[in-house]
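What follows is one structure encoded as structure tokens, with my remarks underneath.
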Amino acid sequence: MSASQSSDDLTLLVKIFGKDRPGITAGLFDTLAAYSVDVVDIEQVVTRGRMVLCALVTQPPAGLEGDLRATVHSWAESMKMQAEIISGRGDNRPRGLGRSLVTVLGHPLTAEATAQIAARITKTGGNIDRIFRLAKYPVTAVEFAVSGVETEPLRTALVTDAAALGVDVAVVSAGLHRRAQRLVVMDVDSTLIQDEVIELFAAHAGCEDKVAEVTAAAMRGELDFEQSLHARVALLAGLDASVVDKVRSEVRLTPGARTLIRTLKRLGYQVGVVSGGFTQVTDDLKDRLGLDFAQANTLEIVDGKLTGRVTGEIVDRAGKARLLRRFAAEAGVPLSQTVAIGDGANDLDMLNAAGLGVAFNAKPVVREAAHTAVNVPFLDTVLYLLGVTREEVEAADAHEEG
Ligand SMILES: [Mg+2]
């Protein structure tokens with residue numbers, strides 16, 4: 001923009017539409033250059049090979065506008081493109097205060113859900129400034145840049161709709177902090193991995209049914225987490241310590257787990273896990289996946305046998321939130337720039353303490369209390385909530401392999 005450009009100077013909006021081919025952008029500006037106009041704004045979008053190029057430029061010198069219009073139209077015709085030139089004043093309307101990014105994940109993303117989300121944004125007083133596809137695989141992920149409404153009320157309005165529409169919606173405040181270095185802390189059982197580790201141990205001890213009974217009692221509220229942990233671990237007493245290696249090899253990572261962690265590490269994030277399960281498994285995951293932090297309960301082993309007791313600090317619902325704070329302090333990341341991911345009720349304190357709490361294929365009680373939910377079974381979709389595109393993930397993978 002030229003220094004003399006002011007908010008009500010005359011401007012021309014030049015819009016070019018048609019089949020994308022090399023040289024369109026250069027050709028348009030080459031044509032405009034003959035009229036000594038300055039660029040105020042440019043936007044270009046290509047969808048399935050069709051291009052829309054919008055250039056907002058300053059008014060040409062007196063008497064040349066008609067000539068400019070005719071030249072642009074004839075150039076566009078020669079390129080088999082359509083052109084529209086609209087006179088007006090000034091720049092784009094300034095964006096309203098309160099800027100948020102709304103990420104919508106659909107599997108599939110229906111037109112109906114998109115209509116409802118867009119209508120709800122409008123109803124809250126928000127304006128959609130920009131829409132951008134983040135990914136088409138393994139889900140369709142679209143990001144809306146919204147202004148004119150505060151993040152919290154927008155989140156409340158949209159997250160309520162999301163479950164009914166069969167899509168996942170995350171609303172975060174836009175701004176530089178989104179790009180600041182952050183920390184991601186994950187639950188392990190049924191989040192990072194598909195299994196519940198205590199059940200894998202129980203299978204080797206032949207006490208799956210008894211462990212399941214205790215789990216059910218805890219879910220009915222008859223036992224708190226710590227009581228149920230002690231009761232279940234007690235059932236493992238006498239189990240040979242060699243079972244630890246077997247359980248480690250049986251653990252199945254959640255689809256997308258490796259992609260998520262690899263990409264986060266490349267982006268400079270620190271990544272940790274907290275688990276109501278056992279360090280015998282989480283320490284191994286930490287080594288294998290290159291995690292920065294891992295904390296869990298520790299099974300006591302004496303003379304090569306599990307004693308049926310745990311040692312050390314108990315990691316329960318409150319413990320998980322405490323560890324998130326501790327990891328954040330160690331990583332030098334403010335809590336507002338942390339992301340927590342979990343599926344269970346014992347993750348809720350951690351999800352609420354984090355800057356962004358993501359309920360991952362969680363039970364309704366957890367889903368409703370979290371900032372956002374992911375209800376597709378791919379852990380890497382969390383990247384889209386952070387604004388990372390599939391293309392960026394794949395480009396980084398190709399670069400590393402090449
Ligand atoms: Mg879990």
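Summary table
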| quantity | calculated |
| --- | --- |
| Scope region 306-324; condition crowded, with 16+ Cβ neighbours inside 10 Å, on the phi < 0 side of the Ramachandran plot and not hydrophobic (A, V, I, L, M, F, W, C); matching residues | 307, 316, 317, 319, 320, 322 |
| Flag for residue 84 being touching a residue at least 12 places away in the same chain (Cβ under 8 Å) and closer than 23 Å to residue 22 by Cα | yes |
| Neighbours by Cβ (under 8 Å, 6+ apart or cross-chain): first from region 88-101, touching a residue at least 24 places away in the same chain (Cβ under 8 Å) and on the phi > 0 side of the Ramachandran plot; second hydroxyl-bearing (Ser, Thr, Tyr) and assigned to a loop (DSSP other than H, G, I, E, B) | 90/6; 90/7 |
| Residue that is of a type in the set (S, T, N, Q), more than 16 Å from residue 189 (Cβ to Cβ), touching a residue at least 12 places away in the same chain (Cβ under 8 Å) and assigned to a helix (DSSP H, G or I), where the choices are 282, 381 | 381 |
| For residue 137: the one exception among (1) touching a helix residue (DSSP H, G or I) at 6+ places or on another chain (Cβ under 7 Å); (2) within 16 Å of the ligand (Cβ to nearest atom) | (2) |
| Tally of residues being more than 16 Å from the ligand (Cβ to nearest atom) and under 19 Å from residue 380 (Cβ atoms) across region 261-285 | 11 |
| Any hit, region 106-128, residues being surrounded by 18 or more Cβ atoms within 10 Å (Cβ to Cβ), free of Cβ contacts under 8 Å to residues at least 40 places away in the same chain and in contact with a His (Cβ under 9 Å, 6 or more places away or on another chain) | no |
| Conditions (1) more than 16 Å from the ligand (Cβ to nearest atom); (2) of a type in the set (Ser, Thr, Tyr); (3) within 24 Å of residue 342 (Cα to Cα); number of the one not met by residue 190 | (1) |
| Filtered residues of region 291-307 (kept if under 39 Å from the mean Cα position of the chain (by Cα), part of a strand (DSSP E or B) and of a type outside the set (A, V, I, L, M)) | 293, 295, 297, 298, 300 |
| Whichever residue in region 33-51 is among the β-branched types (Val, Ile, Thr) and touching an Asp or Glu at 6+ places or on another chain (Cβ under 8 Å) and, among such residues, is surrounded by the most Cβ atoms within 10 Å (Cβ to Cβ) | 40 |
| Any hit, region 158-174, residues being more than 16 Å from the ligand (Cβ to nearest atom) and over 25 Å from residue 364 (Cα atoms) | yes |
| Selected residue (only one of 168, 187 is within 30 Å of residue 102 (Cβ to Cβ), within 15 Å of the chain's Cα centre (by Cα) and of a type in the set (Asp, Glu)) | 168 |
| Candidates 241, 216, 203 - the one that is without any contact (Cβ under 8 Å) to a residue 60 or more places away in the chain and under 28 Å from residue 303 (Cα atoms) | 203 |
| Segments classed as helices (runs of 4 or more DSSP H), wholly inside region 169-246, with at least 2 members that are exposed (fewer than 15 other Cβ atoms within 10 Å of the Cβ) and among the hydrophobic types (A, V, I, L, M, F, W, C) | 208-219 |
| Search result, residues across region 130-187 that are β-branched (Val, Ile, Thr) and within 27 Å of residue 273 (Cβ to Cβ) | 139, 159, 169, 171, 172, 184, 185 |
| Residue tally, condition assigned to a loop (DSSP other than H, G, I, E, B) and closer than 25 Å to residue 226 by Cβ, over region 349-360 | 1 |
| Filtered residues of region 327-348 (kept if within 18 Å of residue 192 (Cα to Cα) and assigned to a helix (DSSP H, G or I)) | 327, 345, 346, 347, 348 |
| Residue match in region 263-271 (condition: touching a strand residue (DSSP E or B) at 6+ places or on another chain (Cβ under 8 Å), of a type in the set (D, E, K, R) and farther than 27 Å from residue 302 by Cα) | yes |
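This table checks each residue for (1) among the β-branched types (Val, Ile, Thr); (2) within 14 Å of the ligand (Cβ to nearest atom); (3) closer than 30 Å to residue 165 by Cβ; (4) surrounded by fewer than 19 Cβ atoms within 10 Å (Cβ to Cβ).
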| position | (1), (2), (3), (4) |
| --- | --- |
| 302 | yes, no, no, yes |
| 336 | no, no, yes, yes |
| 341 | yes, yes, yes, no |
| 379 | no, yes, yes, no |
| 386 | no, no, yes, no |
| 395 | no, no, no, yes |
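Values quoted throughout were computed directly from the atomic coordinates according to the rules given, and no laboratory measurement underlies them. Remember, it's a predicted structure, so these values are computed and weren't measured experimentally. Every residue, glycine as well, gets a Cβ built from its backbone with ideal geometry; the counts of neighbours run over all protein chains shown.
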